[in-house]
Amino acid sequence: MNLTLYYVSFALGTLAGSSFLYSVVIYSQAISNGSDFSGLVFFVLFLGFPLFFYPAGHLLDAYPKKAVLFGFQFLLFGNVLCLALGEVLGLGKIVLILSAFLTGLGMACVLPGRMAILRELAPVHRLVFHTVSGNLVLIATFGLSPFAVGFLRKELDFANVFLCLGGLHLVSLFFLSFVSVERISVPRNAPFSEFLTFVRDKSLILQIYVTAIFSMLALGPIQVLLPLYVKKSLGLGDLERGILLSLLGPGLFLGGIVSLVFHHREGKGLVLLFMLVASSVIFLFFVPFLSIWITGFSLVLFGFLGGVVSSLLPALLQKHSPDQLRGRVLSVYMVAFQFTPAVSGFLSAKLESYLGMVFAFNLLGVSFLFLGLYSLLFFRDLRKA
């Protein structure tokens, strides 16, 4: 029952957070005349991750994880309400920038917090399973958020959409308040030097971090360049384009489900490294053939492979992290998970402007394949994990 309450809170809170990120972007486009403002909002949304990841991880390690998680999700709840009030008062742009920044700070703590608290909820031998399951919830709610916001926007203005998302946060907090945690006796306030020493001496953790960055690089051009390719080269309208690009979501979800098969087996690292290489090969099929069917099938397959990789990486971190550093270890992973696509998307857009769509995609695909093969060949500790 305790884990059921946790998963309900997790699902509702993650749906509220993912939906808010999506709604903020379309809201910024609706209240501004150009793309510059929405680009600024998008950047500010993710700025909190690199700025606040270590303090967030330190809070999760130094204080009761449930209290920290509850407090920062309450910040997200209050933030949503303030943005709704700002829209009603006609202060949308001013409040939106501040709201976007606070959202990044809150998510920088809430996302690793939801994973780190599992150590106090699940038996040690089930920790990897529940980490994979939690990541599956994250994938599912991420894919559902555009539909949820679109459904709300059909009947409601932005202010009331934000109020609905605030209500989701409130219900999530209600369920979280009934979750009971196990008191684990761990050393508190482990210094920064201990964290650095752990990462330096535990080469497996560093290899997981680097692999996480490599695995997330491809999402940037998929989010930034692929919609443009589908519209201009394949000639699809907005509805058809949305349907085609949404095929990534079912693939991610299916990959997350399949990764449950590997949660209790040895050799998870070798599996995810092979999946990383395979996904890089699939990336090369997105553009050159000018075919809706090849692009669509490639998106499903790429999502499937990515779903396995993104589920097994945090599971391995959970398994090999000491309790007194767990929050910080997971916080660094979340920076790679959230911030890497934003950077690679920006750089891939610059590359496309100089080289053209097809050549840019081919060059990126070959680069990702090289990085995947490098990981497979040289990340010995991860292969054995």
Restricted to Cα positions, what overall size does region 1-176 have along the principal axes? Three whole-Å values, descending. 54, 33, 23
Tell me, in nm to one decimal, what length is gained between residue 201 and residue 347 on full extension, where the rule is 0.36 nm per residue of separation less the Cα-Cα distance? 49.3 nm
The simple spin-label model distance between residue 181 and residue 265, using points 7 Å out along Cα→Cβ, in nm, is 3.4 nm
In terms of the charge dipole of the chain, which places +1 on Lys and Arg and -1 on Asp and Glu at the beta carbon, the residue among 116, 52, 291 farthest towards the positive end is 116
Two pseudo-spin positions, 7 Å from Cα along C-beta at residue 234 and at residue 289, lie apart in nanometres by 1.2 nm
About the Cα centre, and with charges only on the beta carbon of Lys, Arg (+1) and Asp, Glu (-1), how big is the dipole of the chain? Nearest 20 debye, please. 700 debye
In whole Hz, the Karplus estimates of ³J(HN,Hα) for region 71-82 (6.51, -1.76, 1.60; θ = phi - 60°; x where Gly or Pro) are x, 6, 6, 5, 4, 5, 4, x, 5, 4, 5, 5
If packing is taken as the mean number of other Cβ atoms within 10 Å per residue, what is the order of 356-367, 247-258, highest first? 247-258, 356-367
If each of residue 125 and residue 194 carries a label point 7 Å out from its Cα toward its Cβ, how far apart are those two points in nm? 2.9 nm
What length, rounded to one decimal in nm, is gained on full extension from residue 378 through to residue 258, with 0.36 nm per residue of separation minus their alpha-carbon distance? 40.6 nm
Could you give the spread of the C-alpha atoms of the chain along their three principal axes, from largest to smallest, in whole angstroms? 59, 57, 37
By the mean-Cβ-within-10 Å protection proxy, highest first, 302-310, 132-140, 287-295, 102-110 rank as 302-310, 102-110, 132-140, 287-295
Label point 7 Å out from residue 37 along Cα-to-Cβ: which residues of region 95-114 have amide N under 12 Å? 95-97
Estimated vicinal HN-Hα couplings, Hz - region 310-320 in sequence order (Karplus 6.51, -1.76, 1.60; Gly, Pro = x): 6, 8, 6, 4, x, 5, 5, 4, 4, 5, 10
Taking the dipole of region 194-385 about the Cα centre (Lys, Arg +1; Asp, Glu -1; charges at Cβ), the one of 204, 368, 346 that reaches farthest to the positive side is 204
If we restrict to alpha carbons, what Rg and Dmax does region 273-351 come to, in Å? 15.8, 51
Using a Förster distance of 22 Å, how high is the FRET efficiency between residue 223 and residue 370, based on the Cβ-Cβ distance and rounded to 0.05? 0.50
With only helices counted (DSSP H, runs n ≥ 4, each -39500 (n - 2.57)), the per-residue ellipticity at 222 nm for the chain, to the nearest 500, works out to -27500 deg cm²/dmol
Taking r as the C-beta separation of residue 30 and residue 358 and R0 as 35 Å, the FRET efficiency to the nearest 0.05 is 0.60
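Just so you know, all these numbers are worked out from the coordinates, no wet-lab data involved. All of these numbers come straight from a predicted model, not from anything done at the bench. We place every Cβ from the backbone using ideal geometry, glycine too, and count neighbours over all the protein chains shown.
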